[in-house]
Amino acid sequence: VSGLFLISGWIYNIPPIRTKELPFLDVLSEAINNPIRLTLGWIMVDPSTLPPGSLLLAYWMGGAFLMALKRFAEYRSAEREGRLDALVIYRGSFRRYTEESLLLSSFLYVLLAAFFLAVFLVKYRIEYLLSLPLFAALFVMYLRVALKDDSRVQAPEKLFRERGLMLTVAVLALALVVLTW
């Protein structure tokens, strides 16, 4: 799994492939780190099993949703400030993106994330299905943040300042704890 993590970094950053420069593949290849990291953590706790595929796919597509909206916010900000050319130099994938394509791709990723999350919940812990509306609310809140001017999704370390988003995370976490018992 560590080898996969290394290979994903090479594919993302090093020519001739360098998916960092390819639209949509940049998001998907960066988001693949999420399930790889989840697997690394899982193996530390239980080295005899692997996480379910539905959970890995949900986590991958959830990460792709977040990353696509980060690109969306970066694109909108750069376009508004007249520095789209500089953004294209920084990351070549922006050459082929539009606001619409980034928003639509994020919608696809969130639909896939919700589908795979539902599969995981039904198969492994059906009572967690009651939390699915809260997961949906979390995705909506993140989209709301991404649609703001100078959105904090461009600097994820600042997301804790988004009270509505943090409240949604807290309510979801509490619901999962309650549903566990």
* Out of region 125-179, which residues are open to solvent by less than 60 Å² (accessible area, probe 1.4 Å), out of contact with any Leu (no Cβ under 7 Å at 6 or more places or on another chain) and free of Cβ contacts under 8 Å to residues at least 12 places away in the same chain? -> 155, 170, 173
* Asked: Taking region 103-151 as the region of interest, how many residues are part of a helix (DSSP H, G or I) and charged (D, E, K, R)?
  -> 3
* Asked: In region 1-54, which helices (runs of 4 or more DSSP H) lie fully inside it and hold 2 or more residues that are farther than 21 Å from residue 113 by Cβ?
  -> 2-13, 33-45
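The values are calculated or read from the model by the stated rules, or taken from the named source; none is laboratory data. This structure is a prediction, so every number in the text was calculated from the model and none was measured. FYI the Cβ positions are ideal-geometry reconstructions off the backbone, even for glycines, and counts take in every protein chain you see. All accessible areas refer to the heavy atoms of the entire protein, side chains included, with ligands and DNA or RNA removed. Shrake-Rupley method; radii C 1.70, N 1.55, O 1.52, S 1.80 Å.
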